[in-house]
Amino acid sequence: MSKWIDKNPTGAIVLKDGSVFEGFGLGYVGQVTGEVCFNTAISGYQEIMTDPSYCSQIITFTFPHIGNVGVNRLDYECLSKPFISGVILGSGITSPSSWRSEKNLNRWLKENKIVAIGEVDTRAITNHIRVNGLIDGTIVNNPSGIKEFDMYLKESKKWGGIVGQDLAIKVSTKKKYVWKEPEVGIYKKKEIKKSLSHIVVIDYGIKKNILRCLSSRFNKITVVPCNYTYEEIKKLKPDGIVLSNGPGDPEATGSYAIKIIKEIIDQEIPTFGICLGHQILALALGGKTNKMHQGHHGANHPVKDMESGKVTITSMNHGFAVDYKSLPSNIIQTHLSLFDESNCGIKISNKPIFSVQHHPEASPGPNDSYYLFDKFLNLVERNKYA
């Protein structure tokens, strides 16, 4: 039974089609509008909420136990602050029970100014999105109670949506830096032999674990802003380039990124694209991207490697997909979603350049997709000593 029974709800999500889902307020007091999606992962809520790819989105968690391991500084995926617009939970926030917990989730939400609501019918929201598609909405936390919803409906209708938005420029680093992972307590890693190659990461919304996976294989990782010019990148003398994940409409981001990536392709620099980086690479190759009906958000997505025939369980977070049929004939489809047969990977047949739609740095398999970083390493080494 909801805690706000017999009185006005203190929390709600008001969708632009007029649908209202009531609950009680959590986290930061206020309201914010964004695109409402659902995530089916049963773990990793902190990593999900700190993934910059969720910029301007309101996440509906389908798993009920959120908050049970608290929050800690090591599981951040963003480099600074989280960019999500809001959080919708089926229950209240569970009290933390983990030796790694440093903070209660509700306190963390308040400190990061993230509006959340609990005791909401998340199953109904998920079904609504599955039938009607991704939809804009306004999430509200008002401890005094919400008496009417018309003003929030107007805000939902007024918001422009994610299509056409360049959000990468919002979440990207503003200046170049060399990635050095801090070593904390028992998490100190043993020194391993690494490639001496220098990798430049173009940051469209980079996740920390991508940088960790790269730094475990390469000696030097330099991260640059998403609008860094090719001339600036060239001065860094990269042996390989990574096009990172990120939020927003790839076509909007492509207004500056496509020119840079075309130069990289022409110079045949070994390149690995992930998620948004995969989509922008496809655009640079002459392809198209489409807005998906409900997107892919979760850690249980089966993806088939078309070259090996192997099926891996992957983590995904995207609302746009590459239209493989729009790509030129020298582009090979390497990965395919077994949920809906959408494209999940490509490579250029005659160049050391490839990309995937899913997130190989995440670990739902738990290590199913790490081979892609090894593949990139081998491409870089072969090209360097060819």
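Structural remarks
- Residue under evaluation Lys174, criteria (1) free of Cβ contacts under 8 Å to residues at least 60 places away in the same chain; (2) crowded, with 22+ Cβ neighbours inside 10 Å, criterion not met: (2)
- For Leu74, the conditions (1) outside any loop (DSSP other than H, G, I, E, B); (2) under 19 Å from His297 (Cβ atoms); (3) among the aliphatic types (A, V, I, L, M) are fulfilled apart from (2).
- Residues satisfying the stated conditions in segment 353-377, i.e. in a loop (DSSP other than H, G, I, E, B), under 15 Å from Ile274 (Cβ atoms) and of a type outside the set (Asp, Glu): Gln357, His358, Pro360, Ala362, Ser363, Ser369, Tyr370
- Filter pass, Gly90 being assigned to a loop (DSSP other than H, G, I, E, B), surrounded by 24 or more Cβ atoms within 10 Å (Cβ to Cβ) and at pLDDT 95 or above: no
- Residue within segment 55-66 that is in contact with a helix residue (DSSP H, G or I) (Cβ under 7 Å, 6 or more places away or on another chain), in a loop (DSSP other than H, G, I, E, B) and in contact (Cβ under 8 Å) with a residue 40 or more places away in the chain present: yes
- Filter pass, Ile125 being assigned to a loop (DSSP other than H, G, I, E, B) and crowded, with 24+ Cβ neighbours inside 10 Å: no
- Of all residues in segment 115-139, those satisfying the criterion of being in contact with a Ser or Thr (Cβ under 6 Å, 6 or more places away or on another chain) and of a type in the set (D, E, K, R) are Glu119, Asp136.
- Condition met for Asn300 (modelled with pLDDT of 95 or more and within 24 Å of Gln57 (Cβ to Cβ)): no
- Of the candidates Thr60, Thr40, the single residue that is crowded, with 17+ Cβ neighbours inside 10 Å, among the hydroxyl-bearing types (Ser, Thr, Tyr) and not assigned by TED's automatic domain parsing to the domain that holds Val201 is Thr60.
- Residue within segment 6-19 that is surrounded by 19 or more Cβ atoms within 10 Å (Cβ to Cβ), within 13 Å of the chain's Cα centre (by Cα) and in a loop (DSSP other than H, G, I, E, B) present: no
- Residues located in segment 132-144, provided they are under 23 Å from the mean Cα position of the chain (by Cα) and not polar (S, T, N, Q): Gly133, Leu134, Ile135, Asp136, Gly137, Ile139
- Residues satisfying the stated conditions in segment 267-285, i.e. touching a strand residue (DSSP E or B) at 6+ places or on another chain (Cβ under 9 Å), farther than 24 Å from Ile48 by Cβ and not β-branched (Val, Ile, Thr): Glu268, Pro270, Leu281, Ala282, Leu283, Leu285
To keep it simple, each residue is scored yes or no on (1) under 26 Å from Asp239 (Cα atoms); (2) buried (at least 18 other Cβ atoms within 10 Å of the Cβ); (3) free of Cβ contacts under 8 Å to residues at least 24 places away in the same chain; (4) more than 17 Å from the chain's Cα centre (by Cα).
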| residue | (1), (2), (3), (4) |
| --- | --- |
| Ala284 | yes, yes, no, yes |
| Phe320 | no, yes, no, no |
| Ser326 | no, no, no, yes |
| Ile346 | yes, yes, no, yes |
| Ser355 | yes, yes, no, no |
| Leu372 | yes, yes, no, yes |
| Lys384 | yes, no, no, yes |
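- Qualifying positions in segment 229-258 - surrounded by 18 or more Cβ atoms within 10 Å (Cβ to Cβ) and more than 27 Å from Met316 (Cβ to Cβ): Ile233, Pro238, Asp239
- Candidate set from segment 26-44 (those that are among the hydroxyl-bearing types (Ser, Thr, Tyr) and over 18 Å from Lys157 (Cα atoms)); member that is farthest from the chain's Cα centre (by Cα): Tyr28
- Filter pass, Glu47 being more than 30 Å from Pro366 (Cα to Cα), at pLDDT 95 or above and either assigned by TED's automatic domain parsing to the domain that holds Pro143 or of a type outside the set (Gly, Ala, Ser) (or both): no
- Condition check for Val131: hydrophobic (A, V, I, L, M, F, W, C), without any contact (Cβ under 8 Å) to a residue 40 or more places away in the chain and under 20 Å from His297 (Cβ atoms): yes
- Flag if Ile261 is within 20 Å of Val322 (Cα to Cα), surrounded by 21 or more Cβ atoms within 10 Å (Cβ to Cβ) and not assigned by TED's automatic domain parsing to the domain that holds Arg73: yes
- Which numbered condition Glu341 misses (of (1) of a type outside the set (Ser, Thr, Tyr); (2) farther than 22 Å from Asp266 by Cβ; (3) assigned to a strand (DSSP E or B)): (3)
- Answer from Lys175, Lys170, Lys220 - the residue that is modelled with pLDDT of 95 or more, farther than 27 Å from Pro364 by Cβ and in contact with a His (Cβ under 7 Å, 6 or more places away or on another chain): Lys220
The values are calculated or read from the model by the stated rules, or taken from the named source; none is laboratory data. A quick note: this is a predicted structure, and the numbers were derived from the prediction, not measured. Cβ coordinates were reconstructed from backbone atoms using ideal geometry, including for glycine residues, and neighbour counts include every protein chain displayed.
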